[in-house]
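Enquirer: Sharing a structure here in structure tokens format.
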Amino acid sequence: MLINKIIIRISLFFDKLEKIWKNNKTQKIIWTLILLSFVLVGFTIEINKIFLNKYFDLPTELFFSIVFVFNLILFYEMIDLIFAISKSFSIAISKQIEIFSLVLLRDSFKLVSSVSDENLYEDIPNNYNFIELINTFFSSNLFIMILSITGAIIVFSINIKFKDNYKKFGEISESNELTNFIKIKKLISLVHIFVVLIFLFWTFFDERSDIDKTTNLLSLFFLSLVYVDILHLLVSYYFSKDYHLVFRNSSYSANTLLIRYSITASPILGVMTGVTACILLLLTIIIFNHNIANVDD
């Protein structure tokens, strides 16, 4: 059939793209460019601050170079995640958790200059109120930075446990069905890559100054992931009617939705929502594996 031939050609094209992306030479070029970008951006900031600040409106904080390189790493991880989706739901969700932990670290570095400028307890009188001290701390950028770093560490630890509890097994029994399922996932992933590139160009040329372009890109990316996860879920249900597998994959989609919300929410609510989503995800995979083990027994 014509449709099958088209899907096969697209699958082969996707395999070529993935091979180029995963190639050691390509990876070395990418990470060399990221390293050079970090050094050059930091150097440019310092030179501009000392000699050219009258001519160019550039950031004055050296920590901007750290945030900038984190943005590059996040985009790299987005593309890596799309390739992972074609392999496995669980591998993809693990990569998704990694991205969220990097988002939390990036957010903490964004607050460094604000924390440096904060003088929380400089003007406190001798007869200070302990409750006021606590309230001042919890309403400060320092607390948000500590919370973001703590959240990143918790998410990192959960992801390690998630990988330990991830258990591969035959999701689809017949090999022909499995092959067709993988081909369809590659087709979806290929379209997803182009969609993300469109998001990238759209956010880059967005002239609004009141938004964080990277956060906006991440929000769009995770929104697209929700739709891709549901699409994969429907396709997998076509090949396999196993309720436990369908529920597990549905929980992955719900996790993606919560993380997408946490990225655009207020800092404190965002960290709490994201960490809660990762904890629930870990519980889901532990219970799922336990159930599969009991069935096998």
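Enquirer: From the residues in segment 69-112 that are open to solvent by 20 Å² or more (accessible area, probe 1.4 Å) and not in a helix (DSSP H, G or I), which one is nearest to Ile153 (Cα to Cα)?
Expert: Only one residue fits best here, namely Leu111.
Yes/no matrix, rows are residues, columns are (1) surrounded by 16 or more Cβ atoms within 10 Å (Cβ to Cβ); (2) at pLDDT 70 or above; (3) over 19 Å from the mean Cα position of the chain (by Cα); (4) more than 25 Å from Glu18 (Cβ to Cβ):
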site	(1), (2), (3), (4)
Phe169	no, no, yes, no
Asn176	no, no, yes, no
Phe194	no, yes, no, no
Asp210	no, no, yes, yes
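Enquirer: Continuing with the same structure: Restricting attention to segment 13-29, and to residues there that are closer than 15 Å to Ser189 by Cα and without any contact (Cβ under 8 Å) to a residue 24 or more places away in the chain, which single residue is least open to solvent (accessible area, probe 1.4 Å)?
Expert: Taking the candidates together, the pick is Lys16.
Enquirer: Quick check on segment 213-233. Is at least one of its residues surrounded by 12 or more Cβ atoms within 10 Å (Cβ to Cβ), over 24 Å from Leu102 (Cα atoms), modelled with pLDDT under 85 and polar (S, T, N, Q)?
Expert: Looking through segment 213-233, none of the residues is surrounded by 12 or more Cβ atoms within 10 Å (Cβ to Cβ), over 24 Å from Leu102 (Cα atoms), modelled with pLDDT under 85 and polar (S, T, N, Q).
Enquirer: Being open to solvent by less than 20 Å² (accessible area, probe 1.4 Å) and among the aliphatic types (A, V, I, L, M) is the filter; apply it to segment 234-262 and report the residue that is farthest from Ile149 (Cα to Cα).
Expert: Leu245
Enquirer: In addition: Looking at segment 45-68 only, could you name the residues that are within 30 Å of Glu98 (Cα to Cα) and either assigned to a helix (DSSP H, G or I) or at pLDDT 80 or above (or both)?
Expert: Within segment 45-68, Ile45, Phe63, Phe64, Ser65, Ile66, Val67, Phe68 qualify.
Enquirer: Six or more apart or on different chains, Cβ atoms under 7 Å: show the pairs whose first residue is in segment 30-44 and in contact (Cβ under 8 Å) with a residue 12 or more places away in the chain and whose second is surrounded by 15 or more Cβ atoms within 10 Å (Cβ to Cβ) and not in a helix (DSSP H, G or I).
Expert: From residues that are in contact (Cβ under 8 Å) with a residue 12 or more places away in the chain, the pairs are Gly42/Leu62.
The values are calculated or read from the model by the stated rules, or taken from the named source; none is laboratory data. Keep in mind it's a predicted model, so treat the numbers as computed, not measured. Every residue, glycine as well, gets a Cβ built from its backbone with ideal geometry; the counts of neighbours run over all protein chains shown. For the accessible areas, the whole protein counts, side chains as well, though only heavy atoms, and no ligand, DNA or RNA atoms are used. Shrake-Rupley method; radii C 1.70, N 1.55, O 1.52, S 1.80 Å.
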